[in-house]
Each structure stands twice: as C-alpha cells, then as structure tokens.
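The values are calculated or read from the model by the stated rules, or taken from the named source; none is laboratory data. Note that the structure is predicted; figures quoted are calculated from it, not measured. Note that each Cβ is placed from the backbone with ideal geometry, even for glycine, and that neighbours are counted across all protein chains shown.
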Amino acid sequence: MKLPDFQIERFFARYEFSTELLLCASDCQSMSVSELLSLEPGAAERLAQLWLGYTESRGSPSLRREISRLYRTVSSDQVLVHPGAEEGIFLCMHAALQPGDHMIVQVPCYQSLHEIARGIGCDVSGWVLREENGWAPDPQELERLLRPSTKLIVMNTPHNPTGYHLPEGVLRHLCALADERGIILFCDEVYRGLEHQVEDRVPSACDLSPRAVSLGVLSKAYGMGGLRIGWIAARDRALLSRIESLKDYTTICASAPSELLAEIVLRHGEFIIDRNRTLILDNLALLRGFFGRHPDLVSWQPPKAGPIAFPKLLRGNAEELCPRIARECGVLLLPGTVYGDQDNHVRIGFGRANLPLALARLEEWLSRSID
C-alpha cells in the first residue's frame with residue numbers, strides 16, 4: 001500500500017521540539033517516572049527488578065486485566081495491547097477491510113482514520129461535522145451515506161479536533177444502526193474520561209454493541225504518551241484474532257517497562273484523570289477570557305470534552321500564521337489544514353500546565369503584530 005505524508009506528524013516533526021511553548025498539544029499534563037512510581041508502594045522496586053525479555057504479543061495478562069476494568073462487558077481476553085493508538089487503527093482497518101469496501105468516517109479527523117482505508121483500496125465517505133451545527137454530527141446524513149458495501153463506520157468521541165462529545169442516545173442509535181446492517185463501528189475513545197461535565201460521560205461503544213471496537217490509549221487523557229501503550233477492546237473474537245495475527249508483522253509485542261508502568265497508571269487512573277480534568281477546566285476559563293477579548297480575531301464553538309478546541313481565525317491565514325507565531329514568539333498553534341480543513345481553523349490545546357504562560361505570550365505578540 002502507498003500512503004501520503006501524515007500532515008500533522010510532518011508539521012510536528014518540524015516544530016514540536018524546537019518551539020518553546022505548545023499551545024496545540026492534544027495530550028494532557030504528563031508526569032515523571034518518579035512521580036508515577038510514588039503513587040504505589042513497592043512500584044520502584046518492581047520496576048528495578050523487571051526482567052527485560054520479550055512480553056506477550058497480546059499484552060501482559062495483568063495489564064489486560066487492568067484495561068478490561070474500564071469496560072462493563074469486555075474481559076481481559078478481549079483486549080489487545082498496542083504500542084500507542086496508531087497501530088490499533090492500522091491493524092484493525094487491515095483486519096476489517098478489503099479493497100473495494102466502503103467506509104464512512106467523521107471529518108475532520110486524525111488522518112490515519114481515513115487514509116489507511118484509502119491505502120487498502122477502499123472507497124471512503126466523509127461524515128462532515130459542521131461548525132454551524134456546533135460540530136454535532138447528523139445521524140440522518142450518516143444514513144444517507146450508507147451503501148450495501150459499507151463495512152466500517154469510524155467515529156471519534158470526544159472528538160479531535162473540535163472537542164465535541166456525542167450524547168449517549170445518539171451513540172446508542174449509531175450502534176444499533178451498525179448492528180442492523182452488520183457493519184463494524186470503530187470508535188476512537190482516546191479522550192474518554194475528560195468530559196467537562198462528569199454527567200456527560202457515556203458508555204464505551206464496545207459495551208453497547210457486540211460488533212463495536214473501542215480504541216484507548218494512555219497518551220491523551222492520562223498524559224502518558226511516552227509509555228507508548230494503547231489498546232483495542234472488542235467482543236468480536238474473530239476480528240480480534242485477525243488483528244492479533246497481523247500484529248506479528250508489526251511490533252509483535254510492547255515494551256516490558258512500559259507495560260508495568262501502564263498498570264500503575266491504570267490503577268491510579270481516576271486520580272490522574274481527575275487531576276488533568278481540573279487543569280483542563282481551569283485553562284478553559286482562561287481561554288474563554290482570551291477569546292472574549294479578541295472577538296475581531298477569532299470565533300469558536302466551546303468544546304464539551306477533552307483538552308482541544310478548533311477556533312476559526314477571522315483575520316490572517318492559519319497556514320501562514322502558525323509558523324510565523326512559532327518563530328516570532330515561541331508559541332505553537334496547529335493549522336487546521338493538517339486535517340484537510342480549508343476554513344482557517346487552528347487547533348488549540350489546553351491540557352498542559354504551561355497554558356497561562358503560552359497564552360500570555362501569544363496575547364502580547366498579537367498586541368504588537370496583528371493590525
């Protein structure tokens with residue numbers, strides 16, 4: 001298969017580690033290894049004594065057990081561990097799709113959620129989220145996109161990059177629709193747990209449908225991207241078996257230290273997510289103030305969940321301004337063009353502790369640079 005450049009990753013490869021302050025990060029505040037180990041007595045000793053041989057391809061039994069506790073209907077043998085979320089997307093699409101199949105995906109979206117299917121040789125339809133509708137998807141539009149050859153519906157909630165969060169009733173409807181037609185529903189849930197209102201939390205798709213696949217990762221809500229641990233949870237054992245067999249051709253297994261540390265993260269997951277959610281809400285209040293002071297420069301639909309938003313620049317060109325701002329004031333924004341957006345949006349990330357400094361730096365630059 002041939003794949004085009006991954007636009008967001010190429011952008012970050014150029015700017016992420018050379019720009020002082022990221023105001024577009026998609027993850028939450030992380031912590032050091034020592035901070036994480038301090039959450040659990042004896043954890044440092046277990047890490048020091050860990051055997052550094054190969055691990056199980058499916059993921060260690062103890063890690064899969066911790067992951068399965070995030071779901072109501074999924075057992076540990078219905079979980080596959082991957083080094084990050086990307087491999088889970090890649091392998092699931094290869095396991096579920098054949099050339100000529102049809103797939104529907106919410107757009108805008110993370111590029112691999114549509115490009116891998118195109119690389120396989122599938123016909124891909126975009127289920128467009130529209131800003132004028134508050135970024136809410138229209139289920140009737142999805143039904144119009146369905147074909148006899150539709151094999152996969154790909155959705156993401158809470159949504160990257162808009163911050164929209166699907167209500168439970170709509171999610172249940174989509175699961176039922178997919179079940180009726182024998183379609184696999186692939187749900188990217190990497191921001192689950194970061195709903196701005198706790199009462200808005202919904203069940204995982206894999207708990208609502210025996211055909212649904214839920215994607216999880218430690219990178220986003222937990223802020224542990226450096227551990228490179230993600231997973232697929234599903235009740236479809238035949239699909240899981242195909243994914244597991246394909247994994248023999250990619251990473252084979254995860255890192256033993258990462259798996260041990262991931263278990264600790266999940267055992268203390270409620271504390272870590274609550275900490276990050278508090279930070280998000282504090283930073284969101286600062287963002288509201290910032291946007292309120294600059295209604296002539298930017299408009300936005302406030303996000304409902306997660307640490308990212310997708311405001312629209314009312315002046316200037318996003319693709320040109322983002323590199324300029326990085327060079328001139330050391331603050332990085334992400335142009336929406338990496339998502340295929342042509343309406344001058346940028347991604348804002350507000351899940352990190354240095355947002356007040358980044359926002360102040362950006363505001364000072366705006367005061368002297370935008371006429």
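Annotation: of all residues in the range 222-239 being over 13 Å from Gly84 (Cα atoms) and in contact (Cβ under 8 Å) with a residue 60 or more places away in the chain, the one that is surrounded by the most Cβ atoms within 10 Å (Cβ to Cβ) is Ala233. Please find, among Ala95, Ala13, the residue that is modelled with pLDDT of 95 or more, over 28 Å from Leu362 (Cβ atoms) and among the small types (Gly, Ala, Ser). Among Ala95, Ala13, only Ala95 is modelled with pLDDT of 95 or more, over 28 Å from Leu362 (Cβ atoms) and among the small types (Gly, Ala, Ser). Any residue in the range 185-193 that is buried (at least 20 other Cβ atoms within 10 Å of the Cβ), touching a residue at least 60 places away in the same chain (Cβ under 8 Å) and part of a strand (DSSP E or B)? Within the range 185-193, one or more residues are buried (at least 20 other Cβ atoms within 10 Å of the Cβ), touching a residue at least 60 places away in the same chain (Cβ under 8 Å) and part of a strand (DSSP E or B).
Output yes when any residue across the range 93-102 is over 29 Å from His159 (Cβ atoms) and either buried (at least 20 other Cβ atoms within 10 Å of the Cβ) or touching a helix residue (DSSP H, G or I) at 6+ places or on another chain (Cβ under 9 Å) (or both), and no when none is. No, the range 93-102 contains no residue that is over 29 Å from His159 (Cβ atoms) and either buried (at least 20 other Cβ atoms within 10 Å of the Cβ) or touching a helix residue (DSSP H, G or I) at 6+ places or on another chain (Cβ under 9 Å) (or both). Of all residues in the range 295-318, those that are in the same structural domain as Leu362 (by TED's automatic domain parsing) and under 17 Å from Leu194 (Cα atoms) have Cβ atoms under 8 Å from Cβ atoms of residues that are β-branched (Val, Ile, Thr) and not in a loop (DSSP other than H, G, I, E, B), 6 or more apart or on another chain, in Gly306/Ile280; Pro307/Ile280; Ile308/Ile348; Ala309/Ile348; Phe310/Val346; Phe310/Ile348. Step by step: first the residues of the range 103-143, then only those that are among the small types (Gly, Ala, Ser) and farther than 21 Å from Phe310 by Cα, then the one that is surrounded by the fewest Cβ atoms within 10 Å (Cβ to Cβ). Which residue is that? Across the range 103-143, the extreme among qualifying residues is Gly121.
Condition first: assigned by TED's automatic domain parsing to the domain that holds Thr251 and either without any contact (Cβ under 8 Å) to a residue 24 or more places away in the chain or touching a Lys or Arg at 6+ places or on another chain (Cβ under 7 Å) (or both). Can you find one or more residues in the range 103-112 that meet it? Yes, some residue in the range 103-112 is assigned by TED's automatic domain parsing to the domain that holds Thr251 and either without any contact (Cβ under 8 Å) to a residue 24 or more places away in the chain or touching a Lys or Arg at 6+ places or on another chain (Cβ under 7 Å) (or both).
Return yes or no: is Glu270 closer than 23 Å to Ser18 by Cβ and surrounded by fewer than 18 Cβ atoms within 10 Å (Cβ to Cβ)? It is false that Glu270 is closer than 23 Å to Ser18 by Cβ and surrounded by fewer than 18 Cβ atoms within 10 Å (Cβ to Cβ). Identification of helices (runs of 4 or more DSSP H) wholly contained in the range 250-346 with 1 or more residues that are over 23 Å from Leu366 (Cβ atoms) yields 256-267, 269-293.
Scanning the range 347-371 for residues that are under 18 Å from the mean Cα position of the chain (by Cα) and not in a strand (DSSP E or B) gives Phe350, Gly351, Arg352. Looking at Leu177, Leu129, Leu142, Leu152 in this structure, which one is within 30 Å of Leu287 (Cα to Cα) and of a type in the set (A, V, I, L, M)? The match here is Leu129.
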